[in-house]
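First up is the structure itself, then whatever we jot down about it.
The values are calculated or read from the model by the stated rules, or taken from the named source; none is laboratory data. Everything quoted here is computed from the prediction, not taken from an experiment. Because the Cβ atoms are built from the backbone with ideal geometry, glycine has one as well, and the counts that use them run over all protein chains shown. Each accessible area value is taken on the protein alone, full model and side chains, heavy atoms only, with ligands, DNA and RNA left out. Shrake-Rupley method; radii C 1.70, N 1.55, O 1.52, S 1.80 Å.
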Amino acid sequence: MNTFSGIAASPGYAVGPVHPLRRRSIVPQRRPVPSEDIPVEIKRFKKAVGLASAQIEDLVARLRSELGPEEAEILSAQLLILEDEMVWDATLAVIRLERINAEAAFSSAVWDIAARFLEIEDETFRERVKDLQDVEQRVLRAFLGDLDSPLDLPSQPSVIVAVNLTPSDTAALGRNNVLGFLMEEGGNTSHVAILARSIGVPAVVGLKGRLAGLKADRTVAVDGTNGAVVLDPDQSIEDRFAILQAEALIACEKLSGLRDLEAITPDGHRLRLMANIELPIEVDEALARGAEGVGLLRTEYLFFQHQTIPSEDEQTEVYSDMVRRMAGKTVIFRTLDVGGDKVSDYLGAKREYNPFLGWRGIRFSLANRVLFKTQMKAICRAGLAGPIKIMFPMITGVQELREAKEVFQEAIAELQANSVAHVGEIDLGIMVETPAAVLAADLLAAECDFFSIGSNDLIQYTLAMDRGNARVSYLYQPLHPAVLRAIKATVDAGHRAGIWVGICGEMGSETRLAEVLLGLGLDEISLHGAALPKVKQVIRWTDYSEAQSVVENILKLATAAEANQWLAKYIEGRKQARLEKETP
Ligand code: PEP
Ligand code: MG
């Protein structure tokens, strides 16, 4: 048994087999073929290349129409490789001369070319090697008739182990057979942590160096509540985890009675509790936990799931379905927020030195107006299925907001011109998640309908800490005076301008912070379904005036550590008082 710890990224307990998530790399077996079968092998080669080319062509066409020619070029380069005489000649020569199967011949030809490229001292040729490898795997998958995800997905309920996961990985995984996550990298608000919380499985991240070489024959116990991991747990640990899991379930059941009750304080202050959603499957969970709507619908996942840009109709269908299932409750769509740690090669958002300061969120959308407009058209069409709002991510100033609104107007105009049924009167808000947006909050509030504070990014940018970097994850400090002041300034600016202000970052899901968020005067908290009943319980127990004085006290403290300590003591005191009140 081996115990170690990392960052507690998603609460809960799980025990199960390890599933190291790897990209399936196909290594073809070399098989001799009799000379009369050589034409068959050549035919197989042509067919596989044809299939792979068709797949790339489809992707390129979508990229070109949605993002423009420049972005499509990246994949077009792969298409050129497949048409390259050098590749064809070399493959056919190996099939004929070595008399081996087509996949092995193709692979050997590609690696030959790659080896020659690697000898050239030029970065361009090294980049070409990556393309060659990618193309090789794509064609090898086509030989197997399997063009889907190159990920090795678990076939039984397992704990997913990885260095890091991209959104496309998590989208491919979904909820299927996932008991929990262990990751070498990542912090509390990295997207895997968020996904784990939202699908309600435990996760421990930032396990640098701990997971190397972990094989599928091991069993692991994950304590996502405390950030602990036990490798090859003995029976007593497995039993303890089963009890803890059952207790968590019972606690959750106990709170289920709150589902239809309002989030209202004893002194009559009302808040909206909404759900954060990434995947369509989470809608039911949100409703079951009593969400009053969806406060943050992250739309990236639809784009990442299929490794291709969904068309307007496809987006309309998925969005409409979610809106319909929310049965009259508002859904707030956050327009595409790619970039940062949500990169996807196919969207042309390349890796950057400073991805979180790079081509991300609204910057990407405004640079790809067609794609942006298509998404807004789909959202406006989905508005026919129920109440919706739209918000823009990563806004740093009024100029971006104005441009985004302009694209929205263009989307409406096109729908009208083509007589496509849609909703045109939609509240447009922004995510306040950059210090610039906080400082310019009064200017922004004058031109939008609501604010939703993205505390994950707001903390990242305010405290200059990369939210995906485990080394600086200690700086994820929601109670840092700078963060609290930023939230307060945003709420005050919004209210002065007469608009509502919510929060949709991970802070909202931390029960211990519920009194603080309430006291800061937020009108809406959007959080994970699993955390919703607990936060509602705290709100229903706490007078608004008391929460305001909690905030007043905390705002006087100089460090996050002092604030944490003060809050922990306060919560302990309240628990004690409740216990005394309830014990006859
Ligand atoms: C945030 O930044 O707080 C947020 C909700 O957006 P995301 O986590 O998707 O960046
Ligand atoms: Mg954000």
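Just a few scattered comments:
- Sole exception among (1) polar (S, T, N, Q); (2) farther than 30 Å from Leu463 by Cα; (3) touching a strand residue (DSSP E or B) at 6+ places or on another chain (Cβ under 6 Å) for Thr335, by number: (2)
- The condition (being within 16 Å of ligand 2 (Cβ to nearest atom) and in a helix (DSSP H, G or I)) is satisfied by just one residue among Ala404, Ala378, Ala382, Ala413: Ala404.
- Residues in region 384-403 that are within 16 Å of ligand 1 (Cβ to nearest atom) and open to solvent by less than 20 Å² (accessible area, probe 1.4 Å): Ile390, Met391, Phe392, Pro393, Met394, Ile395.
- Just one of the listed residues (Val331, Val338, Val283, Val343) is more than 16 Å from ligand 1 (Cβ to nearest atom) and either over 15 Å from the mean Cα position of the chain (by Cα) or at pLDDT below 95 (or both), namely Val283.
- Asp284 vs. criteria surrounded by fewer than 24 Cβ atoms within 10 Å (Cβ to Cβ), within 18 Å of Glu515 (Cα to Cα) and not small (Gly, Ala, Ser): no
- Leu555 being in the same structural domain as Ile264 (by TED's automatic domain parsing), surrounded by 17 or more Cβ atoms within 10 Å (Cβ to Cβ) and touching a residue at least 24 places away in the same chain (Cβ under 8 Å): no
- Some residue of region 406-413 being more than 16 Å from ligand 1 (Cβ to nearest atom), open to solvent by less than 50 Å² (accessible area, probe 1.4 Å) and among the aromatic types (Phe, Trp, Tyr): yes
- Pairing residues of region 245-257 that are farther than 15 Å from Val15 by Cα with residues that are in a helix (DSSP H, G or I) and open to solvent by 80 Å² or more (accessible area, probe 1.4 Å), at Cβ distances under 9 Å and at least 6 apart in sequence or on separate chains, gives Ala251/Lys534; Cys252/Lys534; Leu255/Lys534.
- Taking region 437-482 as the range and being in contact with a Ser or Thr (Cβ under 7 Å, 6 or more places away or on another chain) and more than 14 Å from ligand 2 (Cβ to nearest atom) as the test, the residues that pass are Ala441, Pro478, Ala482.
- Within region 423-460, the residues that satisfy the criterion of being touching a Pro at 6+ places or on another chain (Cβ under 8 Å) and either among the small types (Gly, Ala, Ser) or open to solvent by 40 Å² or more (accessible area, probe 1.4 Å) (or both) are Gly454, Ser455.
- Test: residue in region 271-280 that is of a type in the set (A, V, I, L, M, F, W, C), within 19 Å of Ala14 (Cβ to Cβ), out of contact with any Ser or Thr (no Cβ under 7 Å at 6 or more places or on another chain) and assigned to a strand (DSSP E or B): no
- Filtering region 489-532 to residues that are surrounded by fewer than 21 Cβ atoms within 10 Å (Cβ to Cβ) and under 20 Å from Phe333 (Cβ atoms) leaves Ile499, Trp500, Asp523.
- All helices (runs of 4 or more DSSP H) inside region 56-157 with 2 or more residues being at pLDDT 85 or above and buried (at least 20 other Cβ atoms within 10 Å of the Cβ): 85-98, 102-119, 123-143
- The selection criterion, being of a type in the set (Asp, Glu), within 16 Å of ligand 2 (Cβ to nearest atom) and buried (at least 16 other Cβ atoms within 10 Å of the Cβ), does not hold for Glu292.
- Verdict on Ala203 being buried (at least 23 other Cβ atoms within 10 Å of the Cβ) and farther than 30 Å from Glu103 by Cβ: yes
- Filtered residues of region 414-440 (kept if within 16 Å of ligand 1 (Cβ to nearest atom) and closer than 22 Å to Lys377 by Cα): Gly429, Ile430, Met431
- Note on region 295-309: among residues that are more than 16 Å from Phe333 (Cα to Cα) and in a loop (DSSP other than H, G, I, E, B), the one that is least open to solvent (accessible area, probe 1.4 Å) is Ile309.
- Flag if Arg381 is closer than 23 Å to Tyr301 by Cβ, in contact with a helix residue (DSSP H, G or I) (Cβ under 9 Å, 6 or more places away or on another chain), assigned by TED's automatic domain parsing to the domain that holds Arg324 and surrounded by fewer than 22 Cβ atoms within 10 Å (Cβ to Cβ): no
- Every pair of residues 6+ apart whose Cβ atoms lie under 7 Å, when the first sits in region 203-220 and is charged (D, E, K, R) while the second is part of a loop (DSSP other than H, G, I, E, B) and open to solvent by 50 Å² or more (accessible area, probe 1.4 Å): Arg218/Asp232
- Single residue of region 1-45 satisfying the filter (under 30 Å from Glu103 (Cα atoms) and part of a strand (DSSP E or B)) that is most open to solvent (accessible area, probe 1.4 Å): Arg23
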